[in-house]
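The values are calculated or read from the model by the stated rules, or taken from the named source; none is laboratory data. Fair warning: this is a prediction, and the values are worked out from it, not measured in the lab. All Cβ positions, glycine included, derive from the backbone under ideal geometry; neighbour counts span all protein chains shown. Quick note on the areas: whole protein, heavy atoms, side chains included, nothing else; ligands and nucleic acids left out. Shrake-Rupley method; radii C 1.70, N 1.55, O 1.52, S 1.80 Å.
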Amino acid sequence: MVWYALGSILLPVWGSSLVPFLPERHVKKVAQFFSFLAFVSGLLLLLAFAADRTSFTRELVTVGGITYYGITIDTLSVLVNFLVVFIGWLICTYSAGYMSPDNREHPIKEGIPRFYALMLLFIGSMAGVVFSSTLLGLLFFFEMTGLCSWGLIGFYGDQKSRRSALWAIALTHTAALGLYVATAYLYVNTGSFSVTALNKLTDAGKTLAFIGILIACWGKSAQLPFHPWLPRAMVAPTPVSAYLHAASMVKVGVYIFARTVLAAGSVPQVIGEIGAIMATVTMIYGFIMYFPQDDMKRLLAYSTITQLSYIFLALSLYIYGSKMALNGAVAHIFNHAFAKGLFFLVAGALSYTTATRQLSMLKGILNKVPVVGLGYIAAAMAITGVPPFNGFFSKFMIITGGFEIGKHHPLILILIIVTLIESVGSFIWFLKWMGANVLGTPSEVVARAAEPPGAIKFVLVLLMIMTLISQYLALILLS
């Protein structure tokens with residue numbers, strides 16, 4: 001299984017190093033090929049782990065008795081790696097159609113090798129984060145994902161894109177200082193960079209380390225007060241936005257928090273309290289910011305902020321002792337990736353075919369472009385947690401875990417009630433826009449829509465299927 005994990009990391013990195021030197025006419029196919037190989041590695045690892053269920057850590061880079069990088073294979077890493085490489089392959093496939101001179105909103109005539117080189121490096125860096133068994137490894141790949149996102153957010157090269165890319169790397173790198181401090185503190189006090197060495201710290205030491213970890217995780221996952229970079233990042237090409245929100249960048253934060261909480265054994269309850277309160281405050285803020293949005297991608301950006309808050313809340317509940325909440329958190333990392341990836345790629349398909357993503361201008365999508373309309377419906381239902389779509393199952397586990405803990409902790413009960421209110425409010429708001437955009441007679445811009453390329457339709461269909469079945473994959477491995 002170690003080789004499958006290494007394949008997920010190294011194959012896309014290898015592809016990234018090749019595509020800048022290839023003739024441009026071959027770049028898209030080569031990038032799809034290497035991203036597909038990474039997906040196959042992740043799939044084979046998923047199947048092998050499902051059959052064996054043996055968790056282990058393998059040290060890979062050890063000098064002077066100190067392990068600098070190793071690989072951890074367990075349910076969390078296997079599931080998250082699968083979504084990283086699967087959605088990475090889908091994004092590369094989708095981009096073959098989207099990154100084209102025929103794109104009505106953003107005709108693409110140059111920069112294709114740079115785009116795919118950064119995208120493949122992004123996939124490999126994300127896999128590196130997922131499998132890292134050391135804080136030093138997490139920190140290294142944390143920064144690599146920031147570098148990739150900076151290049152991809154600023155892809156178009158105009159002033160707005162460059163400024164947005166600078167916001168992203170400045171805020172996430174500033175937050176990363178918390179992880180630097182936690183890593184250094186762990187090494188000074190235990191002589192190890194291993195994530196499991198967190199278990200050797202005193203409660204006071206764990207509190208200090210986890211405050212640093214939380215700050216870094218809030219920055220990467222666009223939680224208050226580090227959130228401004230994410231809505232600004234919507235200037236990026238839509239496949240980039242989809243990957244940022246679905247499988248990479250923002251998922252780094254929740255993943256690192258999950259990995260460290262699992263490794264540390266008991267975590268001081270004050271960290272759970274801070275995590276739960278900040279998650280709920282961020283959730284409320286994200287929901288309030290839905291209302292002024294007319295740009296579909298910015299609305300989805302604030303939706304991502306709230307959905308990540310659910311995961312932070314669930315992981316905080318696990319610190320209080322809820323295994324149900326932990327399973328809900330892991331399942332929501334997995335399920336949200338497919339739902340939000342689908343939603344962003346629907347937005348991309350609309351901008352490709354209609355030259356706009358302004359919600360007020362879109363009507364009758366289902367009538368004119370049925371595949372895109374169906375994708376919109378599936379994504380909206382999955383994000384808001386409507387059965388039988390995947391978001392329902394993970395949200396149910398998180399809220400159940402919350403009520404389980406809330407019986408003994410009134411503060412948690414209040415936070416869970418607020419979470420329920422947000423969930424209902426999100427459903428109403430997305431239902432409003434779904435009815436306005438998808439149904440009825442096509443508006444003027446939708447009536448002029450072109451047929452999306454086959455690559456775009458293929459990816460949308462696959463993701464629609466995943467919004468209906470991903471929860472079962474997660475539940476099988478979590479059982």
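Ignoring ligands, DNA and RNA, what percent of the accessible area of the chain is carbon or sulfur (1.4 Å)?
Working: 11250 of 16450 Å².
Answer for the chain is 68 percent, counting heavy atoms of protein chains only.
Report, to the nearest 10°, how far helix 454-478 tilts away from the longest principal axis of the Cα atoms in the chain, using its own Cα long axis and a range of 0 to 90°.
The angle comes out at about 30 degrees.
Under the rule a/c < 1.5 gives rounded, and otherwise a/b versus b/c splits prolate from oblate, where does segment 236-286 land using the Cα gyration tensor? Mind showing how you got there, number by number?
Values: a/c = 5.72, a/b = 1.63, b/c = 3.51.
Oblate is the answer for segment 236-286, as a/c is 1.5 or above yet b/c matches or exceeds a/b.
If R₀ is 60 angstrom, what is the calculated FRET efficiency for the pair residue 53 and residue 447, using the beta carbon separation as r and rounding to 0.05? If you can, show how the numbers build up before the last one.
On the way: r = 53 Å, r/R0 = 0.89.
Efficiency computed from Cβ-Cβ geometry: 0.65.
Could you let me know the centre-to-centre spacing of segment 406-479 and segment 1-57, using Cα atoms, in angstrom?
Value for the Cα centre distance between the two parts: 28 Å.
Tell me the angle of helix 410-438 to the major Cα principal axis of the chain, expressed in degrees between 0 and 90 and rounded to the nearest ten.
Result, in degrees: 20.
Given the rule -39500 (n - 2.57) for each run of at least 4 DSSP H residues, summed and divided by the residues of the chain, what is its mean residue ellipticity at 222 nm, to the nearest 500 deg cm²/dmol? Don't skip to the answer; put the middle values down first.
Numbers: 19 runs with 357 residues, N = 479.
Only helices count here, giving -25500 deg cm²/dmol.
Regarding segment 418-479, what are the three Cα extents along the principal axes, ordered largest first, in Å?
49, 35, 13
Residue by residue through segment 93-99, what is 3J(HN,Hα) from phi via Karplus (6.51 cos²θ - 1.76 cosθ + 1.60, θ = phi - 60°)? Round to whole Hz and write x for glycine and proline.
5, 4, 5, 4, x, 6, 7
Rank-order 65-73, 435-443 by packing density, defined as the average count of other C-beta atoms within 10 Å over each peptide's residues, highest first.
Working: 65-73: 18.3, 435-443: 16.6.
In decreasing order of mean packing, 65-73, 435-443 become 65-73, 435-443.
For helix 250-263, what angle does its Cα long axis make with the longest principal axis of the chain, in degrees from 0 to 90 and rounded to 10?
Long axis of 250-263 versus the principal axis of the chain: about 20 degrees.
Show which aspartates and glutamates lie in cross-link reach of residue 200 when reach means a straight Cα distance below 20 angstrom and same-chain residues fewer than eight apart are skipped.
Within the straight-line limit of under 20 Å, residue 200 reaches these aspartates and glutamates: 59.
Whole-Hz ³J(HN,Hα) for each residue in segment 3-8, computed from phi via Karplus 6.51 cos²θ - 1.76 cosθ + 1.60 with θ = phi - 60°, x for glycine and proline: what do you get?
For segment 3-8, the Karplus-derived couplings read 5, 5, 5, 5, x, 4 Hz, x marking Gly and Pro.
From the cross-link list 251/457; 29/368; 160/368; 297/432; 395/457, which pairs have alpha carbons spaced over 22 Å apart? Numbers along the way, then the final one.
Values: 251/457 25 Å; 29/368 30 Å; 160/368 32 Å; 297/432 16 Å; 395/457 28 Å.
Pairs exceeding 22 Å: 251/457; 29/368; 160/368; 395/457.
Where q = 0.11, 0.15, 0.22, 0.24 Å⁻¹, what log10 of I(q)/I(0) comes from the Debye formula for segment 48-149, counting one point per Cα?
Here the Debye-derived log intensity ratios amount to -0.45, -0.73, -1.13, -1.23.
Residue farthest toward the positive end of the dipole of the chain, with Cβ of Lys/Arg at +1 and Asp/Glu at -1: which of 384, 409, 355?
After comparing all options, I get 355.
I need the peptides 379-388, 39-48, 248-257, 209-218 ranked by packing, meaning the mean over residues of other C-beta atoms within 10 angstrom, with the highest value on top.
Working: 379-388: 22.3, 39-48: 19.8, 248-257: 27.3, 209-218: 24.8.
Highest mean packing first, the order is 248-257, 209-218, 379-388, 39-48.
Considering amide H positions built from the backbone, and no H for Pro or chain starts, which residues 5 or more places from residue 134, or on another chain, come under 5 Å of its amide H?
Placed amide hydrogens put 70, 195 under 5 Å from residue 134.
Provide the per-residue ³J(HN,Hα) series for segment 181-191, in order, calculated from phi with Karplus coefficients 6.51, -1.76, 1.60 and θ = phi - 60°, each as a whole number of Hz, with x at glycine and proline positions.
Using θ = phi - 60°, the values come out as 5, 4, 5, 5, 5, 4, 5, 4, 8, 10, x Hz.
Can you tell me the accessible area per residue over the chain, all protein chains present, probe 1.4 angstrom, in square angstrom? Walk me through the numbers on the way to the answer.
On the way: 16450 Å² over 479 residues.
I get 34 Å² per residue for this part.
Which order do peptides 352-365, 79-92 fall in by mean Cβ count within 10 Å, highest first? Let's see the in-between values first.
Working: 352-365: 20.5, 79-92: 28.1.
So the order, starting with the most tightly packed, is 79-92, 352-365.
Taking amide H positions as placed in the peptide plane 1.01 Å from N, state which residues far from residue 321 in sequence (5 or more) or on other chains have amide H under 5 Å from it.
When sequence neighbours closer than 5 places are left aside, there are no close amide H contacts.
Report the full-extension gain for the segment residue 170 to residue 61: residue separation times 0.36 nm, less the Cα-Cα distance, to one decimal in nm.
36.3 nm
Over segment 6-81, consider all pairs of different Cα atoms and compute the Kirkwood hydrodynamic radius from their mean reciprocal separation; express it in Å, one decimal. Could the numbers behind the result be given before it?
On the way: mean 1/r = 0.0703 Å⁻¹.
Over segment 6-81, the inverse of the mean reciprocal pair distance is 14.2 Å.
For an R0 of 25 angstrom, estimate the FRET efficiency from the Cβ-Cβ distance between residue 68 and residue 43 and round to the nearest 0.05.
0.30
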